[in-house]
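The structure appears right after this line, and notes come after that.
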Amino acid sequence: MPFVMKTRKTIPLIIAILFLNHTILFGDDYVDAMKRANRENKPSVLYFYSNYCPYCNAMDKQVLADKEISGPLKNEVVYLRVDVEKREALAGFYGIRGYPTTLLLEPSGERIAKMPGYIPKKEFKKILTYAIGRHYKVVGLNEFLRKKQR
């Protein structure tokens with residue numbers, strides 16, 4: 001019986017430690033975003049950037065700041081900007097090697113697509129349509145983008 005008592009007390013402690021380590025490594029904002037995506041059943045868009053990246057700065061100004069893009073990012077998905085200088089562990093977890101990189105995740109956190117580099121506004125809008133419309137359940141992103149061009 002003493003072993004069972006110790007085990008029952010130890011398991012919650014282990015879970016708390018694992019959650020704390022996850023939070024320390026990836027940050028509260030990431031953990032909160034993933035919980036929110038799951039709770040609200042919305043796909044996530046993780047945008048990995050560096051303040052020292054000219055392509056990131058261009059994408060911020062020319063694409064992400066545009067109302068056609070910023071509106072859906074605020075309302076239709078769970079959007080998280082990830083500064084790679086501050087969140088190296090998170091960038092490493094997702095295998096981010098260059099910036100900017102945009103990652104789409106299902107509400108469960110499962111990866112849908114990873115898109116490195118600057119994405120023009122017109123294409124980014126199609127990518128949002130793909131995620132918001134849950135087209136990833138029936139077709140891959142590249143095929144969806146080819147069909148949207150026709």
When Thr129 is run through (1) in contact with a His (Cβ under 8 Å, 6 or more places away or on another chain); (2) farther than 21 Å from Asn75 by Cβ, the failure sits at (2)
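Is it the case that Thr129 is free of Cβ contacts under 8 Å to residues at least 24 places away in the same chain and either under 15 Å from Met34 (Cβ atoms) or surrounded by 13 or more Cβ atoms within 10 Å (Cβ to Cβ) (or both)? Break it down stepwise before answering.
Values: free of Cβ contacts under 8 Å to residues at least 24 places away in the same chain: yes; either under 15 Å from Met34 (Cβ atoms) or surrounded by 13 or more Cβ atoms within 10 Å (Cβ to Cβ) (or both): yes.
Here the answer is yes, as Thr129 does meet what is asked.
Going residue by residue through the range 115-125, is there one that turns out to be out of contact with any helix residue (DSSP H, G or I) (no Cβ under 9 Å at 6 or more places or on another chain) and either of a type in the set (A, V, I, L, M) or surrounded by 13 or more Cβ atoms within 10 Å (Cβ to Cβ) (or both)?
So the first thing to find is which residues in the range 115-125 are out of contact with any helix residue (DSSP H, G or I) (no Cβ under 9 Å at 6 or more places or on another chain), and the list is 116, 122.
Going one step further and asking which of them are either of a type in the set (A, V, I, L, M) or surrounded by 13 or more Cβ atoms within 10 Å (Cβ to Cβ) (or both), we end up with 116.
Scanning the range 115-125 turns up at least one residue that is out of contact with any helix residue (DSSP H, G or I) (no Cβ under 9 Å at 6 or more places or on another chain) and either of a type in the set (A, V, I, L, M) or surrounded by 13 or more Cβ atoms within 10 Å (Cβ to Cβ) (or both).
Mind listing whichever residues of the range 75-93 are under 20 Å from Leu128 (Cα atoms) and assigned to a loop (DSSP other than H, G, I, E, B)?
So in the range 75-93, the residues under 20 Å from Leu128 (Cα atoms) come out as 75-82.
Listed by number, the residues that qualify are Glu76, Val77.
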Out of everything in the range 72-95 that is under 20 Å from Tyr136 (Cβ atoms) and in contact (Cβ under 8 Å) with a residue 24 or more places away in the chain, what residue ends up being surrounded by the most Cβ atoms within 10 Å (Cβ to Cβ)? Leu80
Taking Lys114 as meeting all but one of (1) charged (D, E, K, R); (2) part of a loop (DSSP other than H, G, I, E, B); (3) within 10 Å of the chain's Cα centre (by Cα), write down the number of the exception. (2)
Among the residues of the range 43-63, which ones are surrounded by fewer than 21 Cβ atoms within 10 Å (Cβ to Cβ) and either out of contact with any Phe, Trp or Tyr (no Cβ under 8 Å at 6 or more places or on another chain) or assigned to a helix (DSSP H, G or I) (or both)? Asn51, Tyr52, Pro54, Tyr55, Asn57, Ala58, Asp60, Lys61, Gln62
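Values in this text are rule-based calculations from the coordinates and carry no lab data. Because the structure is a prediction, the values reported are computed rather than measured. Positions of Cβ are generated from backbone atoms using ideal geometry, with glycine treated the same way; all protein chains shown enter the neighbour counts.
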